[in-house]
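Peer 1: One structure, pasted below without further comment.
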């Protein structure tokens, strides 16, 4: 086995990682912590490791970099002993590096039972910077925190943002250029419908759908069915379809439970909550609660459902073009979620789509078309009610095309197209 390990080590040191796109993450190359990359399958965690390796190679000799992907079939059968042999093999190749800092990249580490014991030990005993990635459901942030006992910092990796999508296509982002804006808006339509998974870019529609379906099958069977020994696969699939079709809408689990009971499913409320929790753990779906001052109060209200990628909606919903507002709202959520997990919706008499508090409080509504005076009145009056209640004087209304500033009673609502809001250097600059 050592012979195989040495060959893999050297092969990866000699390997060229070309065509790696620079994304917006600011992941440190040197820190006292173990660096963990987590996120939905196929979001680009491994490619982010490649990017970090390329950066290291600019200043560090390649023989100080150890990269192993534990989905390599040459390493089968996986065992904890394999990890110990890996370190022994490396130092047999490079004994001089025992006195140097080395960089260890462990991709899909969850394939080895007991990996956390090994990672903790080498972190505590070696002069090494460690990077790990893994399947999202088996390498969750909460599990990492427990397993590595405060030794790690985690970075969430999402499918491409709109700005990353444009950069990957070499689209010049210049809001002062009519030509640039034309290209940006053209590509926004593509991104809105097809999403941000890099492997789907530039593919024909049917191929895109096939790729996304394969992703979803992986999530269902690997991250849910296998891990949690789920026997009612029909219910899981029906639930996923329902949630993707209804992204951006309020879902009452009591009503959902009653609906499944009426359809003949043998299901409990606890089972539905568990399945939803599994989907959230795998970064497939997200929920937001109403903003209240107590968790008990929040839990009494419906949850709002969002998906990791807009592209999944078209797998189930042929008429998605008639529901652009929900696609818009999902993109707004994902943009916010890349910055914080503290996202809510708000409601007094009227509902506000997003209540987000980071450095300050942000109230955001999303409406695809506000040309109808009644729609405009509904959206702005909800924001004004929220601004008065929360004692803030500015808010955002995100639309398809309209850009304006609406002022009344010393309150300001900034109206901005989504395509523009997504590419601003700081999307909250309007506030």
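The values are calculated or read from the model by the stated rules, or taken from the named source; none is laboratory data. Just so it is clear, the model here is predicted, and its values are computed rather than measured. Virtual Cβ from ideal backbone geometry, glycine too; neighbours counted across all protein chains shown.
Peer 1: Output the helices (runs of 4 or more DSSP H) that fall wholly within the range 248-365 and possess 3 or more residues being over 20 Å from the mean Cα position of the chain (by Cα), or say none.
Peer 2: Ranges flagged: 253-262, 269-281, 295-299.
Peer 1: May I ask you to list the residues in the range 8-57 that are in contact (Cβ under 8 Å) with a residue 60 or more places away in the chain and farther than 25 Å from residue 153 by Cα?
Peer 2: 8, 9, 10
Peer 1: Then there's this: What's the number of the condition residue 63 fails, among (1) surrounded by fewer than 18 Cβ atoms within 10 Å (Cβ to Cβ); (2) farther than 19 Å from residue 128 by Cα; (3) touching a helix residue (DSSP H, G or I) at 6+ places or on another chain (Cβ under 7 Å)?
Peer 2: (2)
Peer 1: Identify, please: which residue in the range 369-399 is surrounded by fewer than 18 Cβ atoms within 10 Å (Cβ to Cβ) and assigned to a loop (DSSP other than H, G, I, E, B) and is, among those, nearest to the chain's Cα centre (by Cα)?
Peer 2: 369
Peer 1: For the range 1-27, give me each residue that is over 25 Å from residue 74 (Cβ atoms) and surrounded by 13 or more Cβ atoms within 10 Å (Cβ to Cβ).
Peer 2: Of everything in the range 1-27, those that are over 25 Å from residue 74 (Cβ atoms) and surrounded by 13 or more Cβ atoms within 10 Å (Cβ to Cβ) turn out to be 21, 23, 25, 27.
Peer 1: A further question follows. Would a scan of the range 100-119 turn up a residue that is without any contact (Cβ under 8 Å) to a residue 60 or more places away in the chain and under 28 Å from residue 426 (Cβ atoms)?
Peer 2: The answer is no, given that none of the residues of the range 100-119 is without any contact (Cβ under 8 Å) to a residue 60 or more places away in the chain and under 28 Å from residue 426 (Cβ atoms).
Peer 1: Shifting gears a bit: Since residue 248 meets every condition but one in (1) buried (at least 21 other Cβ atoms within 10 Å of the Cβ); (2) touching a strand residue (DSSP E or B) at 6+ places or on another chain (Cβ under 6 Å), which condition does it not meet?
Peer 2: (2)
Peer 1: Looking at (1) surrounded by fewer than 21 Cβ atoms within 10 Å (Cβ to Cβ); (2) touching a strand residue (DSSP E or B) at 6+ places or on another chain (Cβ under 7 Å); (3) at pLDDT 95 or above, can you tell me which one residue 428 breaks?
Peer 2: (3) is the only condition that residue 428 fails.
Peer 1: Return yes or no: is residue 336 surrounded by 14 or more Cβ atoms within 10 Å (Cβ to Cβ) and over 25 Å from residue 164 (Cα atoms)?
Peer 2: So residue 336 fails the test.
Peer 1: Going through the range 196-205 one residue at a time, which ones are modelled with pLDDT under 95 and outside any loop (DSSP other than H, G, I, E, B)?
Peer 2: If the condition is that a residue be modelled with pLDDT under 95 and outside any loop (DSSP other than H, G, I, E, B), then 205 is the only one that fits.
Peer 1: Mind listing just one residue for me: the one in the range 403-425 that is under 18 Å from residue 367 (Cβ atoms) and in a loop (DSSP other than H, G, I, E, B) and, of those, nearest to the chain's Cα centre (by Cα)?
Peer 2: 422
Peer 1: I've got another one for you. Quick one: which of 307, 346 is touching a residue at least 24 places away in the same chain (Cβ under 8 Å) and closer than 17 Å to residue 284 by Cβ?
Peer 2: On inspection, the qualifying residue turns out to be 307.
Peer 1: Let me ask another. If you check residue 101 against the conditions, is it over 28 Å from residue 224 (Cβ atoms), under 26 Å from the mean Cα position of the chain (by Cα), surrounded by fewer than 17 Cβ atoms within 10 Å (Cβ to Cβ) and assigned by TED's automatic domain parsing to the domain that holds residue 134?
Peer 2: No, not satisfied.
Peer 1: Right, here's the next one. Of the numbered conditions (1) modelled with pLDDT under 95; (2) over 21 Å from the mean Cα position of the chain (by Cα), residue 193 satisfies every one except a single condition; which is it?
Peer 2: The one condition residue 193 does not meet is (2).
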